[in-house]
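This report concerns only the one structure given below.
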Amino acid sequence: AFYYFCLFRTYGPVIVWGDQAAPSDVMGETLDRNTLEENINFIVSELDKAIDVLPMSITEVGLQEGSDMGRATKGAAMALKSRVLLYAASPLYNGNTLYAGMINHYGKEIFPQNYDEKKWEDAKKAAKDLIDLEYYSLVQADQTTGDKFVDGIRAYQNIFFKQWNEETIWGWWMN
């Protein structure tokens, strides 16, 4: 799901093969992109499967070989799902007439031409589901001064200086 998202983010809708290998006799001129909806639905369905089985946290964090540091967790999959659904709801893909007439070899419109308010609700629900875990929180300043601006800067610095802080959903730290 993550790599399909990377492809989608870079190229837009792509060919969805899923877990199956491409046929050895496939010809490029007979293939075309799947629709945006098919891409989004595939990525979200794979993330839903991952959310069901991924652990909530990675307890083995270290720099030794075999460490789980940087491994995806339930929160990482939920955050990615939220982002994918946010992309689908955005004006870039949700009813953008700039893409009108883009039809693949299969006769389907690659990009939906009708605005769908429900996509925003789906994106909101996915984000809220992650928030409702109450597992992550915003990083605070270690020492507060009472000056909201200075405290805000210090809290922001801690995102980068405090490894594996409570705001990290999917991270990898390199010393």
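So if I restrict to the alpha-carbon atoms in region 17-60, what is the Rg, and what is Dmax, the biggest pairwise distance, in Å?
15.6, 48
Over the chain, what percent of the accessible surface lies on carbon and sulfur atoms, probe 1.4 Å? Walk me through the numbers on the way to the answer.
Numbers: 6420 of 11450 Å².
Taking all protein chains in place, the chain shows 56 percent carbon and sulfur surface.
List, largest first, the extents of the alpha carbons of region 101-172 along their principal axes, each in whole Å.
Answer, in whole Å and largest first: 61, 25, 25 Å.
Give the longest segment of the chain that steers clear of GluC sites (Glu not before Pro) in DSSP loops with at most 15 neighbouring Cβ atoms within 10 Å, not counting the sites themselves.
Values: sites that count: Glu60, Glu65, Glu117, Glu134, Glu166, Glu167.
Answer from the scan: 1-59.
I need the calculated FRET efficiency for the pair Lys128 and Ala21, taking r as the beta carbon distance and R₀ as 35 Å, to the nearest 0.05. Before the final figure, lay out each step's value.
On the way: r = 37 Å, r/R0 = 1.07.
Approximately 0.40, to the nearest 0.05.
Ordering Met56, Met78, Met27 from largest to smallest accessible area (1.4 angstrom probe), what's the sequence?
Details: Met56 55, Met78 20, Met27 100 Å².
Ranked from most to least accessible, the order is Met27, Met56, Met78.
Over the Cα atoms of the chain, compute the convex hull volume and normalise it per residue, giving Å³.
Numbers: hull volume 30.5 nm³, N = 175.
Spelled out: Cα convex hull of the chain, divided by residues, is 174 Å³.
Give the accessible surface of the chain per residue, rounded to a whole number of Å², with probe radius 1.4 Å and ligands, DNA and RNA excluded.
Values: 11450 Å² over 175 residues.
In whole numbers, the chain has 65 Å² accessible per residue.
Applying the Karplus parametrisation 6.51 cos²θ - 1.76 cosθ + 1.60 with θ = phi - 60° to the phi angles of region 25-37, what ³J(HN,Hα) value in whole Hz is obtained for each residue in order, glycine and proline being reported as x?
Here the 3J(HN,Hα) series is 9, 5, 10, x, 6, 9, 9, 8, 4, 6, 6, 4, 4 Hz.
What does the helix-only formula give at 222 nm for the chain: each DSSP H stretch with n ≥ 4 adding -39500 (n - 2.57), the total divided by the residues, and the result rounded to the nearest 500 deg cm²/dmol?
Numbers: 5 runs with 72 residues, N = 175.
Calculated at 222 nm, the ellipticity per residue is -13500 deg cm²/dmol.
Label-point separation (nm) for Leu86 and Leu138, each offset 7 Å from Cα along Cα-to-Cβ?
1.5 nm
Express the relative contact order of the chain as a whole percentage, based on alpha carbon pairs under 8 Å and six or more residues apart in sequence. Mind dumping the intermediate values first?
Values: 215 pairs, mean separation 32.9, N = 175.
Rounded, it is 19 percent for the chain.
Pick from Asp122, Asp25, Asp142: which residue has the top mean-square fluctuation in a GNM of the chain where Cα pairs under 10 Å get a spring?
Asp25
For Ile103, what residues show an amide H to amide H distance below 5 Å, using hydrogens built from the backbone and excluding near sequence neighbours?
Long-range HN contacts for Ile103: Ile110.
May I ask you to list the lysines whose Cα is less than 21 Å away from that of Lys119, ignoring any residue fewer than eight positions away on the same chain?
Within reach: Lys49, Lys81, Lys108, Lys128.
The values are calculated or read from the model by the stated rules, or taken from the named source; none is laboratory data. Small disclaimer: the values here were computed from a predicted structure and weren't measured. In this analysis, Cβ positions are derived from the backbone assuming ideal geometry, glycine residues included, and neighbour counts consider all displayed protein chains. Note: areas computed on protein heavy atoms with side chains; ligands, DNA, RNA excluded. Shrake-Rupley method; radii C 1.70, N 1.55, O 1.52, S 1.80 Å.
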